[in-house]
Ligand SMILES: [Zn+2]
């Protein structure tokens, strides 16, 4: 009797494990799978000015999954979102370096999207392959974002977290990947970085 019961139970347990595995797999694919090009957010005006496809700033390579959001600063005090977008665009001619980001947030809180979200940007080294990059403008050498930029960053990051089912643990600084002092103010002031994460 005991033996027969065991034999009957085993296939059921096996099937349950298979179903669980399928469920977890489906959840993983559906939450991180990425096919978004132009991104829109309520209460935020995002201009879509996609770069020309070129090897220096928009490779056109697919970004199949989004596992994180990386925050940067432009390191160019007083420059506008448009200036930085045009700098990325001009790299196709100047060929001086490889650089770009999905979004640039300007000094008036304006947002320009330069790269479709289903393509990689050249901003975050070995995390280009699975993250969204956001560059932020800043008025001076301290790298601190003004109130307008900060507020747009909060709205944009919250929205992306929601879209890609991420938590604040998935929001990182360029510094956390390579040790580069970027975004400078949030590297110099760890407490302000934690404060920002706590508002998300
Ligand atoms: Zn950076």
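General observations
- Modelled spin-label separation between residue 118 and residue 14, with each label point placed 7 Å from Cα along the Cα-to-Cβ direction: 3.9 nm.
- Exposure proxy ranking, count of Cβ atoms within 10 Å, fewest first, for 70, 171: 171, 70
- Whole-number percent relative contact order across the chain, with pairs defined as alpha carbons under 8 Å at least 6 apart: 24 percent
- R0 of 41 Å, Cβ-Cβ distance residue 189-residue 162: FRET efficiency to nearest 0.05: 0.95
- A convex hull fitted to the Cα coordinates of segment 43-200 yields 101 cubic angstrom per residue.
- Residues 100, 59 arranged by fewest to most Cβ contacts within 10 Å: 59, 100
- Full extension of the chain segment joining residue 199 with residue 180 gains 4.4 nm, where the gain is 0.36 nm per residue of separation less the Cα-Cα distance.
- Estimated inter-spin distance, residue 146 and residue 126, nm [label 7 Å along Cα→Cβ]: 3.8 nm
- A helix-only calculation puts the chain at -13000 deg cm²/dmol for mean residue ellipticity at 222 nm, using -39500 (n - 2.57) for each DSSP H run of at least four residues, averaged over all residues.
- Exposure proxy ranking, count of Cβ atoms within 10 Å, fewest first, for 15, 161: 15, 161
- Förster radius 35 Å - calculated FRET efficiency between residue 75 and residue 21 (Cβ-Cβ, nearest 0.05): 0.15
- Using alpha-carbon coordinates, inclination of helix 2-32 to the longest axis of the chain, degrees: 10 degrees
Coordinate-derived values only; no laboratory data. Keep in mind it's a predicted model, so treat the numbers as computed, not measured. A quick note on method: Cβ atoms are made from the backbone with ideal geometry, for glycine too, and the neighbour counts reach across all protein chains shown.
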